Every structure is written in C-alpha cells, then in structure tokens.
Amino acid sequence: DEKGLFYALDLGGTNFRVLRVHLGGKESRVVKQEFEEVSIPAHLMTGSSDELFDYIASALAKFVATESDSQHVSPGRQRELGFTFSFPVNDTVGTLAGGRYNNPDVAAAVILGTGTNAAYVEHAHAIPKWHGLLPKSGEMVINMEWGNFRSSHLPLTEYDQALDAGSLNPGEQIFEKMISGMYLGEIVRRVLCKMAEEAAIFGDTVPPKLKIPFILRTPHTSAMHHDTSPDLKVVATKLKDILEISNTSLKLRKLIVEVCDIVATRGARLSAAGIVGILKKLGRDTVKDGEKQKSVVALDGGLYEHYTKFRTCMENTLWELLGEEASENIAVEHSMDGSGIGAALLAASHSQYIEVEEP
C-alpha cells in the first residue's frame, strides 16, 4: 500500500548504488525508479569508516539534487532512506523484500556472489528465541548468515583447510569459503599448485606466479571452464596472461578445465543443498495431498548471474534433491538488483509518515 518517494543506498564490495523509488500504492506499485552506480576508490576500501561514509554521503547529496519538480517529497517531510550492505545489515533481506513485493510466493532469497548468504520467511511461532510481541502477519524474516555454517558432515579438503588458515578470518565463514565467488578461483589455484609440486604438471619448477594467493580469480576460472574452442584457446591465453605459463599441451589444458569443473560443481551442489535445507525447514520440500503451494526462491549475485555452468549445476542439483513431484512447485528466479529496491520498500513500510486514510 505504500506511496511516496523513497531513497535507498546499496553498498556492495566494490561499488554502491543510490536509488530513488516512487511508489504508487497497490494499483501502480513502482511508478518510477532511478539509480546511479558509484565506484568506491581503492584507497577508501582500506581507509577509515569516516572517509568512506563521507564519500557515500556526498554522492547521495549529488543524487538527491537531481530530483525533478514532480518528485519532491511533500512540504514539511524529511526524505526517508533504506540502507543495505553486505554485512549483518543485509542485502539478502533486501532481496527478499524486493522479491516478495513483486511475488507473494517468494519464500526465500539467496545471494551467490563475492560472498553468500540466505534469508527466508519463517512462522513466528517456530522461533523459540523470540520473546517480544508476535508480528500481526504471524511471520518473521530470518537472516541466516549461512556463510558461517560448518558441520562435521561438511567434508573439508586440505585445500579448504589451508585457504581458511591463511585467510583474514580463520575458522569463520567456512561454507562461504567453499562456494562463493571470492574463493573458487583460489581453491583452483591451490589444487594446481599442489599438482605442480607433486606431479610436475608444468615442468620441473613450479611457476612463480602460481604461488601468489588470489592471483587466479573466479572470473578467470569461469572463462576457462566455459572454453568451447577445440584447442582450448581461452585456457592457454589465461595461463599465459595471468600465470605466465606458456606452451601447455592440450591434455594439460583439459586437466585444468576438469579441476575448474570439480571445484565449481562442488560449490554449486552445496549451495543447492542449502536451499533444500530452507525448503525442508518450511515443510515445502514435499507435496502435501492436493496442495499446490508455489515456493519461489529469489536469487541474486554475480556468481549466479555470470557463471553459467555454476548456475545450471546448482539448479539441476536442486531438482535432483527435491525429486520430480516437489520440483514442479518450486521456482528459482533471478532478482535483478532486488536488494536496493527492497531497501527502499523497507524504508517505505517503516515510514514515520504513515498515511491517514480519508474517511
């Protein structure tokens, strides 16, 4: 029902976007939306929070100044803004809100990008640690922070253990370190490094560049994984440009594609298992007699959007785990930039100027 002009700030890992959303209530929904994407200069990424937020604030001020005459907030009102970023103040919750606004069947939202997380709509009575008043809807959003999941049933390889030990946050975000875009390329590098040391796949010496952590990014391994040329030209080019390895045989290039495939497949299948876990918790993983309840999972993030083989494997695993019958009631939808719109919607639903209905 929300109406009016609302702003959102969506802070990602390398850029942020400012959005202006004009909501028209039930009939017209989002009347108009405008946004601007701003890159964050590298020095601000490692500087103080004051410098970063000053930069964001000045970009927001410039964007607000571009309001047209028809778009001003009503006299005497302050502008209201929703703020979402990739921390436990959350883009996954924003994606869930944006997805649910457009489709009431959206039950969960998952981000598969540089990092990973999930949020879902839970029955309030199923939350034992909640002691406050229950919401009128009887439902509540759970932000899972699932990247931090770990379990004795989650088999970690020596590569995972070494990556974790050398990371900025050892012992944390274990699930994220197995499946997200920040780490897949690094796992591939560690496997290739071990093969170079123990099986001399690149000759007598280990290529020096191969020893540099995070030199191989997930977009590089994705490009190699998707190479369809008969002589695997893309693989040869990537090895030469990034790792300074030339004169590789076709057999070796095929082996490298296989390593990329194994690492991406594991990540994709684990993400699918996480989604099935949510559906199971909600009792939506099976078909009840005569019930045809649709469940939609809103997905966003660069890994899901750009790494086709990862996405396909994840979706296929989902159907495989759910089985044919349950799969018919489950849909996965790409929620483009849902978190920014979601943040504006959350600002609107918590507006201090709730409209008084005319009698």
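The values are calculated or read from the model by the stated rules, or taken from the named source; none is laboratory data. Keep in mind that what you see is a predicted model, and the values were worked out from it rather than measured. Cβ atoms come from the backbone with ideal geometry, glycine included; neighbour counts cover every protein chain shown. For the accessible areas, the whole protein counts, side chains as well, though only heavy atoms, and no ligand, DNA or RNA atoms are used. Shrake-Rupley method; radii C 1.70, N 1.55, O 1.52, S 1.80 Å.
Between the Cα long axis of helix 250-281 and the first principal axis of the chain there is an angle of about 30°, rounded to the nearest 10. Gyration tensor over the Cα atoms of the range 205-252: the corresponding equivalent ellipsoid has semi-axes (square roots of 5 times the eigenvalues, largest first) of 18, 14, 7 Å. Considering only C260, T84, F6, and ranking their Cα positions along the charge dipole of the chain that arises from unit charges at the beta-carbon of Lys, Arg, Asp and Glu, the one farthest toward the positive end is C260. Computed over the range 135-229, the quotient of the alpha carbon radius of gyration and 2.2 N^0.38 Å is 1.41.
The C-alpha atoms of the chain define a longest principal axis, and helix 338-349 lies at about 20 degrees to it. With Cα atoms defining each centre, the range 290-314 and the range 1-44 are spaced 24 Å apart in the structure.
At a probe radius of 1.4 angstrom, the accessible area of the range 205-307 per residue rounds to 50 square angstrom. When the range 90-336 is described by a simple charge dipole with +1 on each Lys and Arg Cβ and -1 on each Asp and Glu Cβ, the residue from A223, L168, T237 located farthest towards its positive end is T237. When nucleic acids and ligands are ignored and a 1.4 Å probe is applied, W319 ends up with an accessible area of around 80 Å². The angle between the Cα long axis of helix 49-64 and the main principal axis of the chain comes to about 60°, on a 0 to 90 degree scale.
All other residues whose Cβ lies under 15 angstrom from that of A124 are scored, Lys and Arg at +1 and Asp and Glu at -1, for a net of +1.
Within a straight-line Cα-Cα reach of under 19 Å, K294 can be paired with the following lysines, leaving aside sequence neighbours fewer than 8 residues apart in one chain: K280, K281. Expressed as a whole percent, the accessible area of the chain that falls on carbon and sulfur atoms is 54 (1.4 Å probe). Here H225 sits with roughly 10 square angstrom of accessible surface, probe radius 1.4 Å. The 1.4 Å probe gives accessible areas that order L133, L52, largest first, as L133, L52.
Using a simple spin-label model with pseudo-atoms 7 Å out from Cα toward Cβ, A126 and V89 lie 2.9 nm apart.
In this Cβ point-charge picture (+1 for Lys and Arg, -1 for Asp and Glu), the chain has a dipole of about 720 debye about its Cα centre. Is the shape of the range 30-127 best called rounded, prolate or oblate, per the rule: a/c under 1.5 gives rounded, else a/b larger than b/c gives prolate, else oblate, with a ≥ b ≥ c the square roots of the Cα gyration tensor eigenvalues? Here the range 30-127 falls in the oblate category.
Within the straight-line cut-off of under 17 Å between alpha carbons, the lysines reachable from K211 are K194, K238, K240, sequence neighbours fewer than 8 places apart in one chain being disregarded.
Note on the range 235-308: with charges restricted to the Cβ of Lys and Arg (+1) and Asp and Glu (-1), its dipole about the Cα centre is near 220 debye. For the pair the range 234-288 and the range 152-183, the centres of their Cα atoms are 15 angstrom apart.
A Cβ-based charge dipole, computed about the Cα centre of the range 103-201 with Lys and Arg at +1 and Asp and Glu at -1, lands at about 140 debye.
Compared with the alpha-carbon gap, the fully stretched path from V73 to E305 is longer by 80.0 nm at 0.36 nm per residue. If you take every DSSP beta bridge fully contained in the chain, what fraction is antiparallel? Give it as a percent rounded to 5. Once the DSSP bridges in the chain are tallied, antiparallel ones form about 65 percent.
Amide H contacts of M144 (H built 1.01 Å from N, in plane; Pro and chain starts excluded): A118, A119, Y120 sit under 5 Å, all sequence-distant by 5 or more or on other chains. According to the Kirkwood relation over distinct C-alpha pairs, the hydrodynamic radius of the chain is 22.7 Å.
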